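Below is one structure, written out as structure tokens; comments come after it.
What follows draws every value from the coordinates through simple rules; no lab data is involved. In this text, all values refer to a predicted model and were calculated from it rather than measured experimentally. A quick note on method: Cβ atoms are made from the backbone with ideal geometry, for glycine too, and the neighbour counts reach across all protein chains shown.
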Amino acid sequence: MDTEFTQYQQLKQEVNYHNHRYHVLDTPVISDVEYDRMLATLRQMEAEHPGWVTPDSPTQRAGAAPADRFEKVRHPRPILSLANAFGAEDALAWYERIRKLDARVEQASFIVEPKIDGLSVVLHYRDGVFVQGATRGDGEVGEDITANLRTIRSIPLRIPVGGQAAQAGETFSGLPLFSTTSHKPGPTHQPPAYLVVRGEAFIPNREFEELNRRLEEAGEKTYLNPRNTAAGSLRQLDPSLTAQRPLTLLCYQIVYSEGGQVPTSQWEILEWLRGLGFPVTDVARRFESLEAAVTYTETWDQRRDELGYEADGMVIKLDDLSMAAELGFVGKDPRGAIAFKFPAREVTTRLNEIGVAVGRTGVLTPFALLEPVEIGGVVVERATLHNFDYIAEKDIRPGDRVLIKRAGEVIPYVIGPLEGARTGVEQVYVPPQYCPTCGQPVEHFEGEVAWYCVNAACPAQVIRNVEHFVSKGAMDINGLGIKIVEKLIETAAIKDVADLYSLSREDILLAVTRKDRKAKSDPPGKIAENLLAAIDQSRSQPLSRLITALGIHGVGEVMARDLAAHYPSLDNLAAASAEELQTIDGVGPNIATAIVDWFGRERNLAVLSKLKAAQVWPGQQITPGNDQPRPLDGLTFVVTGSLPTLSRDDVKEYIEAHGGKVTDSVSKKTSYLVLGENPGSKHTKALSLGVPVISEEQLRGLCQPTNP
């Protein structure tokens, strides 16, 4: 027993510690679901050993002692929290407990309201004027945050007296906070001379995302979640700082009143508060049975994003407030209501290690290796970290306790670290300097988010490299689809793009399966012959196509043609300096650095050597008289729609053969827009910019020699 009692004392101390961090410091280091589990264990131990329970037990109080920096406010009545139900069975068990205490429960109605994940606040009104506002604190005493609450525009500073109702329909930043139609009006009640109302302050999700976006743009630290942000904002010593946060609230309870008349049912309370001008939820519903209330509650599990704010469950309440009051309490929990909790979306766990995956395009992507944790019934061991900039901005470190989120089927991701849980041994994470797959140096350009492995023979990206190399805009090797490429790599027939030119008929036969055939009439032998012919034919592709096929970062088809126009061969391009490359129109510092870096890698040079040995080494195409002026020299074209006789590739080659340049987007520098059938938005943009629009026939006319 001594050991068990020691464990109980340690658990009680730990729960009190987390209570203090959550309710006073606004810096929790565990998630709600983890806290709920600890508290449930504590309750179970106390149920088995009632003599252990003391007034300082977390089960006997609502929150934590208020912070010393604020004046203290004693609540006129205890501001309590609710017991939890984690599913329909728990809700039914709650119903059976209260039914045994009061048989009238069998005929009772129930109200369902959202359980907002915010900060409980208590609003005091005297003679219709807002005079004081406080946090919940420990349930008995809270913190005076009146000045901060006055900055929240959805809180009425004055409510009608003498039976005159206010107009509902207030909005906050365009987000409707309560409806004027979801409840039927109740009887008229006289507002009391002294009225105390309870609500939940929060930041709407849309406003929270916008706040973080502005902070990120300003280079300031962003927030982890709306709840902690709202709580921290309301505890600012300077109200002007609170006013800068997009706070709002929803009200749902009358804590205390003197004089006048107030409704005696929860349904009427909501409507009455609405009539006085308080923001009230528009998703509350009244039901004649617990089963109907639970069914409605369960529908919000997958729909909670529709609320527009964070909610970790729904609250089921007895509508008859007199009956609820007579049922009394269990510890600090009123028996007349229960919080039906949704499966957790956010939990905390230990970040053991930051791993790095190399994608098919060579982009390095970090991911989190976690201490296994359950989120919504799924055990999670890995989560995304987005990119290395995200890790730096959030200051996420291996060994950190981190907040993980998973919504629906979305891949879990790390929201950020809980810095208050750090021990001091966690080190700032530094992105890898070498590819974790092939060991080659990685590449990163100033102003870009991605880090790259540019090794053409990197095993992690061979499939993508080969797929790009054989594509229509590059070497155009027809018939070499992704499935055959995968089989060729799987059988080790190719390890890089240059190996395509040493493939044998047997290599291809081994890679071809029936599902790879275009038609049943194509036997494997025919497929192999066609592929070998297409590979051999690709040797005659022009230099610009080969430059495109290499997959150098930032070098697409247009850039490749510009490079091929300046350098007679890959030997010349490989010898170019970054300064020399930047003299070419459109080549900036990053692209110039990427080109020089690519040709400076030993593995890439090995691939080039194999291509050269395979006679895949085109020179600059010199046509008779190409040193003479051409009709489209200095002109830039954009093509849109389907032309009568020329394909998109054909028209590009036609324009370039006559000295012109083809780009993808219309700008003021565009000389002509070549227009075909079914054009896109480029036509509209060309008209707005005054760019001349011509047909294919008119394009050919521009290329005809003019008679003297």
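Summary of computed values
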quantity	calculated
Interchain or long-range residues, amide H under 5 Å from residue 541's placed H	none
Computed E for residue 565/residue 147 - FRET, C-beta separation, R0 51 angstrom, nearest 0.05	0.15
Length-normalised contact order of the chain in % [C-alpha pairs under 8 Å, at least 6 apart]	9 percent
Calculated from backbone phi, Karplus (6.51, -1.76, 1.60) coupling profile of the range 605-612 in Hz, x at Gly/Pro	5, 5, 5, 4, 4, 5, 5, 5
Check: the range 543-613 dipole with +1 on Lys, Arg Cβ and -1 on Asp, Glu Cβ, in debye	380 debye
Percent of beta bridges antiparallel (DSSP, the chain, rounded to nearest 5)	85 percent
³J(HN,Hα), Karplus 6.51/-1.76/1.60, whole Hz, each residue of the range 254-271, x for Gly, Pro	9, 7, 7, 8, 10, x, x, 9, 10, x, 10, 10, 5, 4, 5, 4, 4, 5
Calculated [θ] (222 nm, deg cm²/dmol) that DSSP helices of n ≥ 4 give over the chain, each run adding -39,500 (n - 2.57)	-9500 deg cm²/dmol
Listed residue (662, 70, 675) projecting farthest to the positive dipole end of the chain, Cβ model	675
Antiparallel %, DSSP beta bridges [both residues in the range 575-708], to 5	10 percent
Entry for Rg/Rh (Cα atoms, Kirkwood Rh) (calculated from the structure that is shown) out of (1) 1.12; (2) 1.05; (3) 0.98	(1)
Selection from 553, 251, 636, by position along the positive dipole direction of the chain (Cβ)	636
Vicinal HN-Hα couplings computed from phi for the range 338-352 (Karplus, 6.51 cos²θ - 1.76 cosθ + 1.60; Hz; Gly/Pro x)	8, 8, 8, 7, 7, x, 5, 9, 10, 9, 10, 7, 8, 8, 6
Rounded to the nearest 20 debye, dipole of the chain from Cβ charges on Lys, Arg, Asp, Glu	880 debye
Positive-end residue of 283, 141, 230, charge dipole of the range 72-341 with Cβ unit charges	141
Between helix 32-48 and the chain: long-axis angle, C-alpha atoms, 0 to 90°, nearest 10	40 degrees
Dipole moment magnitude, nearest 20 debye, the range 344-469 about Cα centre, only Lys, Arg, Asp, Glu C-beta charged	260 debye
Over the range 576-674, relative contact order from alpha-carbon pairs under 8 Å, at least 6 apart, %	23 percent
Sequence-distant residues sharing a close amide H with residue 109 (under 5 Å, placed H)	319, 320
Calculated FRET efficiency for the pair residue 506/residue 478, C-beta based, R₀ 22 Å, to 0.05	0.55
Anisotropy class of the range 550-592 from Cα gyration tensor, a/c 1.5 cut	rounded
Lysines with Cα under 26 Å of residue 526, excluding same-chain neighbours fewer than 8 positions away	472, 483, 487, 495, 515, 518
Amide H contacts under 5 Å for residue 335, placed H, 5+ residues apart	328, 329, 330
Helix 2-20 axis, angle to the chain major axis (alpha carbon atoms, nearest 10°)	70 degrees
